[in-house]
1. Among the candidates A:ASP201, A:ASP184, single out the residue that is over 19 Å from A:TYR247 (Cα atoms), free of Cβ contacts under 8 Å to residues at least 60 places away in the same chain and open to solvent by 10 Å² or more (accessible area, probe 1.4 Å).
2. Name the single residue, out of those in the range A:1-35 being closer than 27 Å to B:ASP215 by Cβ and at pLDDT below 85, that is surrounded by the most Cβ atoms within 10 Å (Cβ to Cβ).
3. Which strands (runs of 3 or more DSSP E) does the range B:63-111 wholly contain that include 2 or more residues that are over 15 Å from A:SER262 (Cβ atoms)?
4. Does the range B:119-140 contain any residue that is assigned to a strand (DSSP E or B), under 25 Å from B:CYS203 (Cβ atoms) and open to solvent by 70 Å² or more (accessible area, probe 1.4 Å)?
5. Open to solvent by 20 Å² or more (accessible area, probe 1.4 Å), among the β-branched types (Val, Ile, Thr), touching a residue at least 24 places away in the same chain (Cβ under 8 Å) and facing another protein chain (nearest Cβ under 8 Å): is that true of B:VAL189 in this structure?
6. Assuming B:ALA151 fulfils every condition listed in (1) touching a strand residue (DSSP E or B) at 6+ places or on another chain (Cβ under 6 Å); (2) more than 9 Å from chain A (Cβ to nearest Cβ); (3) open to solvent by less than 40 Å² (accessible area, probe 1.4 Å) apart from one, which condition is it?
7. Restricting to the range A:61-87, name every residue that is charged (D, E, K, R) and modelled with pLDDT of 95 or more.
8. Considering only the range A:228-244, I want to know if a residue exists there that is over 18 Å from A:ALA294 (Cβ atoms), in contact with a Phe, Trp or Tyr (Cβ under 6 Å, 6 or more places away or on another chain), at pLDDT 95 or above and not in a strand (DSSP E or B).
Amino acid sequence: MMKHRNIRNLLVALAAVFALAGCRDDMPRMQNPRTDVNISNWAEAFESFWSGMNYNYVFWSIDPTDWDAVYEKYKPKFDALAGAEFDDPEVNDEAFAMIEEMTSGLIDGHYAVQFYMPNEDYTFIPVDERLRQRENYHTSELFEACWRETALGMIREGRLTNGRTADIGGDYPFTAMACVLDGDIVYFRLNQFGLREHLHDETSKVEQVRRHYVELLNAWPDVRGVVVDVRSNSGGYVDDLPWVLGYFVDEPHVFMYQRGKSGIGRLDYGPWIPQYLQPMAVDRKLDVPIVVLADMQSVSMAEMAAMAVLSLPNGCFVGERTSGMQGTLAVDNEAFESVYAGYIENNVYMIYTTQVMSCDVNGDIYEGVGVPPTIEAPFDEAAFARGVDTQLERAVEYIRTGR
Amino acid sequence: MKRIRFLILGLALGLALPSAAQWRVGARVGLTTTSVTTENGYFYDWRYSSNPGLSVSVPVRYDFRDWFAVQAEVAYVQKNYGLWRSGHYEETGEDLTNHYLSLPVLAHFSFGPAKLRGYLDAGFYVGGWLAARREGGRAVTFPLTDDGLAATDDWDSPVYPTVSYDEKYAFDSRHDNRFEGGALVGVGVEWQLGGRMALQGGCRYYHSLSDVQKDYMLDRVPRYLGTFDFHVGLLFSAGKK
C-alpha cells in the first residue's frame, strides 16, 4: 500500500513537470518574401511586405518606427482591400499611399520601395524628400553644372594645372579629375566610386586619371595638401576605397565598424566588426593634411570615404553634412544569402534596403542624418556663378592655415 | 520584483520545514551541454550547436521519509551553445558562453537498498542570465590583400577575410530576457559512505519555459534552452540520523 502511494506521488510530480514543460510559445509561420509568388491582392502584399521588413531590415535597433504599431494600424486597412486585385488603379493609388505613409520615417537612407502594378510602377524614395527639407538644398545636377563651369575657369586662370580628366556619359555619367591646385595641392575628384571597372585597363580614361593621381602623390614636388572631392558623388563599389585613400596609410587601418544580423529577430545582431582601409604601395608617404570635400548629395560609399578620411590623424572633412546612408548593400536577391538581410524582390514589389549598419571609429551612427563635416562649408550657388567654389576655397584655407 | 518575492517566499518555506527528519547539505560539480529549440525559417544555413559548459551547485535537502525529500539549490550553470553557418559561410558564426544563476526547488524520490540508492528528481527552477561572452568570426566588407602588405597597382585579388572576435556580450534590455524559469527532471544514484557523507552522481535536464528573448516583436521566433547537467557531488547529513 505504501509502495503504491509512493509511486502515485512520483507520477503526480512527474506529470506536473511534464505538463508545464509544454508551456512554450508557438513558432510563427515564415515565408521568404523573395520566393513569395502567391500574392494576388493588397492584403497579401501587405502581409508579405510587412513580414519581409520585420525579419530583414537591419536598423530596428535605432529606427524610431514602431513596426508592431504599423501592423496593428494598417493590417485592417489592407484587409479591406482584399476584394480588389491589382488591376484597379484607384485601389493601387490608395494602397501605395499607405505603403509610403507607414515607411516614410524609416531611418535607412538607402531605403526605397517599388510596387509593380499593371497600371504603373509605384516608387517611393523617402531620402529624396528628407534632403529637400534641408536648409540650402541643392541637387547633384546643379552642383555638377556649377563645378564644371568653375573648374574650367580655374583651369583658364592657371590655378588647376597638370590635370587629367575623364568624362564618360551614359546612364551613370562618370566624371573624374586629377590635377594640381595652386601649385602645391593634389586635387582628385570623382562623382562615383566605379574605379573597379576600369582598373588595369590602360586605355580607360578613368584609369588614366587614377594613375595620374597616384603619380602626383608619388612625385609632385612640394605637396602641401591633398583634396579628395566626393561632392555629389553617388557612391558605388566599396572595393574602390584603397585606390583612392590607401596611399595615406602604412598598414590596414580601422576606419569604421559594421554589424549585421545574427538571427531572425529584429534585434538579433552580430558584434561590431572593424573595417580596414588597405594600404597601397606608394613611393613616399605624404605628411600633409588630407581633406575630403563632401556635400548633402554625397551618398553611401562617398560618405564612407568621408568617414575614412576623418579617421586619419591628418584627415579633415570640409563641406556639408552628407546624405545619411552609410550601409552597404547588393541589389540582388542572391545577396541575401551572404548576410541574411537587405534587398528583397519578388513579382509584386522590390525593397531596396541596406544589409549592414555602420558606425565611425568613435561609435557614432549617422544613418538617416548624415556624417557631419569638421568644417561646415555650404554650397553657394551665387559664388559659383562668380566662378568661386567656396567649399574648395575653405579646404585650401584649412591646408594653408590648419584652421 | 514579483518574481523575486515568490522566490524568497519559496526558499523561506523550504527552510522552515519541521526539524523532525534529516537535513542534508552538499556541493556538486557537473558538465553541461545545452541545445536551443527554435526555428530557422528561411535563414537556411544557420545551425545551432551544443557546447560544453560547467555547473557548480550547493544543494540543501530535507528528507521527510527515506523515499521522499525536498531539495533546494543555488546553482551556477553554464548554458553554452554555438550559432554557425554552414557551407560557403561556415567561418561565420559564434559560440556563446552563458552564465546563469539557477535556484531549483525539487521533489527527490529515492529507492533501493540503504547503501546504494537510486533517485529521481522533478521540480522547477528560476534564475537569471548573469553574463555572456561571444566568440566567433565575421567577414569584413572592405577588401584587403591576403598577406597584409601594401598592395601595388596591379593588385587584382582582394580578399575579405573573416575577423575573429572574443568579447563580452552586451545585453540589450529591449531584447534579452535575463529571467529564466523552467522545469527539471533528473536521475542518479547515491552511495552512502561512512559516517554522515554520501556520494552522488547523476544527470539532470533543465527545460526552460522562458524564451531567451523578451516578447519584443510581433512574429517573434522564440528560442528555448534545454540543458543536460552530468554531475557528481557530496552530501553531508546535518541533522540527527
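1. Result: A:ASP201 is the single residue among A:ASP201, A:ASP184 that is over 19 Å from A:TYR247 (Cα atoms), free of Cβ contacts under 8 Å to residues at least 60 places away in the same chain and open to solvent by 10 Å² or more (accessible area, probe 1.4 Å).
2. Of everything passing the filter in the range A:1-35, A:VAL17 is surrounded by the most Cβ atoms within 10 Å (Cβ to Cβ).
3. Once the strands (runs of 3 or more DSSP E) in the range B:63-111 are filtered for at least 2 residues that are over 15 Å from A:SER262 (Cβ atoms), what remains is B:68-78, B:93-111.
4. Yes - at least one qualifying residue is present in the range B:119-140.
5. No.
6. Among (1) touching a strand residue (DSSP E or B) at 6+ places or on another chain (Cβ under 6 Å); (2) more than 9 Å from chain A (Cβ to nearest Cβ); (3) open to solvent by less than 40 Å² (accessible area, probe 1.4 Å), B:ALA151 violates only (2).
7. Matches in the range A:61-87: A:ASP63, A:ASP66, A:ASP68, A:GLU72, A:LYS73, A:LYS75, A:LYS77, A:ASP79.
8. No - not one qualifying residue is present in the range A:228-244.
The values are calculated or read from the model by the stated rules, or taken from the named source; none is laboratory data. Since we're looking at a predicted model, the values are computed, not measured. Note that we place each Cβ from the backbone using ideal geometry, even for glycine, and neighbour counts take in every protein chain shown. Heavy atoms of the whole protein, side chains included, go into the accessibility calculation; ligands, DNA and RNA do not. Shrake-Rupley method; radii C 1.70, N 1.55, O 1.52, S 1.80 Å.
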